[in-house]
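Accompanying notes for the structure given below.
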Amino acid sequence: MNILRTSKLISSNQQLIIDSVKSFCKNELTPIVRKNYRNEYFNKEIYKEFGKVGILGSTIQGYGCLGESYKTYGLIAKEIEKVDSGFRSMVSVQSSLVMYPIYKFANESIKENYLHDLASGEKVGAFGLTEPVAGSDTTRLSTVAVEKGDHYLLNGTKTWITNSPIADIFVVWAKLQDGTLGGFVLDRKMGNIITPIIEGKMSLRTSITGMIFMDDVKVPKENRLNVSGFKGPFTCLNSARLGIAFGVLGASEFCLEKIIDYSKDRILFDQKLAEKQLFQYKLAHMVAEHNLALLGCLHLAEHTSENEMYPEAISLLKMNSCSKALTIARECRDILGGNGITEEYDIFRHMCNLETVKTYEGTHDIHSLIIGNYITNMKAF
């Protein structure tokens with residue numbers, strides 16, 4: 001299925017890491033994914049397992065992290081999402097949205113206090129940006145941070161926050177008194193933080209999602225991140241979005257491999273399904289889209305580093321990969337007929353997950369507008 005020989009763009013060291021992640025996924029994640037998804041079950045201890053294999057904060061230098069490239073980070077995300085998008089979301093949030101802003105914008109004492117435990121999975125983090133009335137329209141954020149001597153008081157509500165019900169650490173974005181946006185590292189031990197779970201999700205059921213209610217949370221000044229404005233959260237989101245662009249291709253790869261195996265055994269009108277022209281036509285087009293999307297991700301990741309990101313290119317890849325992966329999952333589900341909706345074949349689960357991944361961390365339409373702005377140099381939102 002690797003028609004464009006993308007494996008030749010992966011170094012031997014990267015392949016060793018990927019092989020280790022594959023083994024971890026096979027032994028630790030695959031055996032539990034169906035039951036966890038079915039029961040909407042989450043066990044915080046899984047983060048310690050992520051920590052043991054070294055996949056949390058993999059692009060960070062020091063603090064117990066691998067210090068690998070963004071290409072490696074993307075390939076790790078792809079292998080994890082090949083099992084389930086919820087598992088990959090856990091890794092993305094911890095790595096790109098919690099550890100990365102602490103590493104890039106926090107002072108050294110905060111880094112030392114938290115990064116080691118986050119890398120090992122001893123502590124779990126959450127990222128608080130989205131609010132009940134502020135999703136894509138971030139100008140409507142209403143969480144506030146008021147300076148009070150040697151600390152800030154934070155008040156506000158965040159919603160649709162991965163990990164919030166079980167998080168120890170929170171990276172929260174709030175408006176300052178001058179109207180600019182600031183980032184803060186909160187510890188649950190500070191008190192006055194309530195994090196109810198959002199139940200009844202029909203997608204991403206292996207990960208846990210909730211809200212953050214903050215009522216006069218006293219945050220020391222040293223816990224404020226050294227960044228102002230939307231540069232802070234968007235820098236984190238760009239890192240995460242690149243991982244998503246890779247990750248969803250793990251889900252589509254799973255779906256393709258599943259129907260290829262199925263087609264070689266399924267007899268239809270005295271022929272194997274794999275021998276049918278219509279099947280091969282559909283398969284060829286799906287594999288082409290998958291290969292091209294992966295090639296784009298590998299190319300951009302090769303030129304991406306902590307100090308060199310290309311937001312419009314990352315938006316293009318996030319938009320493209322999510323759209324193509326979801327289309328592939330839907331087509332594979334259809335090819336399987338009735339089998340496509342059963343737990344046994346897993347494709348319906350991937351399809352439901354991808355419906356959400358296409359939406360979060362910038363909807364398909366928002367990324368289209370980011371690209372349009374880059375092309376025309378005119379903002380449409």
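By how many nm would the segment from residue 107 to residue 264 lengthen if fully extended, with 0.36 nm per residue of separation less the alpha-carbon distance?
Values: separation 157, 0.36 × 157 = 56.52 nm, distance 5.71 nm.
Roughly 50.8 nm would be gained on extension.
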Checklist entry - How far is it, in nm, from the label point at residue 231 to the one at residue 147 when both lie 7 Å from their Cα along the line to the Cβ? => result 1.8
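Set the Förster distance to 22 Å, then compute FRET efficiency between residue 375 and residue 302 from the Cβ-Cβ distance, nearest 0.05.
The formula returns an efficiency of 0.40 here.
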Checklist entry - Hey, what's the Cα Rg ratio for region 6-120 versus the globular rule of thumb, 2.2 N^0.38 Å? => result 1.08
Checklist entry - At each listed q (0.16, 0.17, 0.18 Å⁻¹), what is the log10 of I(q)/I(0) that the Debye formula gives for region 88-164 modelled as equal alpha-carbon point scatterers? => result -0.73, -0.81, -0.89
Checklist entry - Can you list, largest first and rounded to whole Å, the semi-axes you get for region 160-249 by taking the square root of 5 times each eigenvalue of its Cα gyration tensor? => result 24, 20, 10
Checklist entry - Hey, which aspartates and glutamates would be in cross-link range of residue 318, C-alpha to C-alpha under 15 Å, not counting anything within fewer than 8 residues on its own chain? => result 81, 289, 355, 361, 365
Item to check | Cross-link reach list, lysines versus residue 48, counting only Cα pairs under 22 Å and skipping chain neighbours closer than eight places | outcome: 22, 26, 35, 78, 82, 111, 123, 189
Checklist entry - Could you state the per residue volume, in Å³, of the convex hull enclosing the Cα atoms of the chain? => result 136
Item to check | Rounded tilt (10° steps) of 364-376 against the dominant C-alpha axis of the chain | outcome: 80
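Which value results when the Cα radius of gyration for region 231-376 is divided by 2.2 N^0.38 Å?
Here the Cα radius of gyration is 1.17 times the empirical estimate.
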Checklist entry - By how many degrees, between 0 and 90 and to the nearest 10, does the Cα long axis of helix 30-39 differ from the longest principal axis of the chain? => result 70
Checklist outcome for this item: Stokes-Einstein D for region 282-358 (10 °C, 1.306 mPa s, Kirkwood Rh from Cα pairs), in µm²/s, comes to 116
Checklist entry - In vacuo Debye scattering of region 196-273, one point per C-alpha: log10 I(q)/I(0) at q = 0.27 Å⁻¹? => result -1.17
Checklist entry - Rounded to the nearest 500 deg cm²/dmol, what is the calculated helix-only ellipticity per residue at 222 nm for the chain, with -39500 (n - 2.57) per DSSP H run of length n ≥ 4? => result -15500 deg cm²/dmol
Checklist entry - Against the longest principal axis of the chain, how steep is helix 12-24, in degrees 0 to 90 to the nearest 10, with axes from Cα atoms? => result 90
Checklist outcome for this item: Checking rank on 350-357, 46-53, 114-121, 25-32, with mean other Cβ inside 10 Å and highest first, the result is 350-357, 114-121, 46-53, 25-32
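Where a number appears in this text, it was derived from the coordinates with a stated rule and is not lab data. This one's a predicted model, so the numbers in the text were calculated from it and none came from an experiment. Here Cβ is always computed from backbone atoms with ideal geometry, including for glycine, and neighbour counts include all displayed protein chains.
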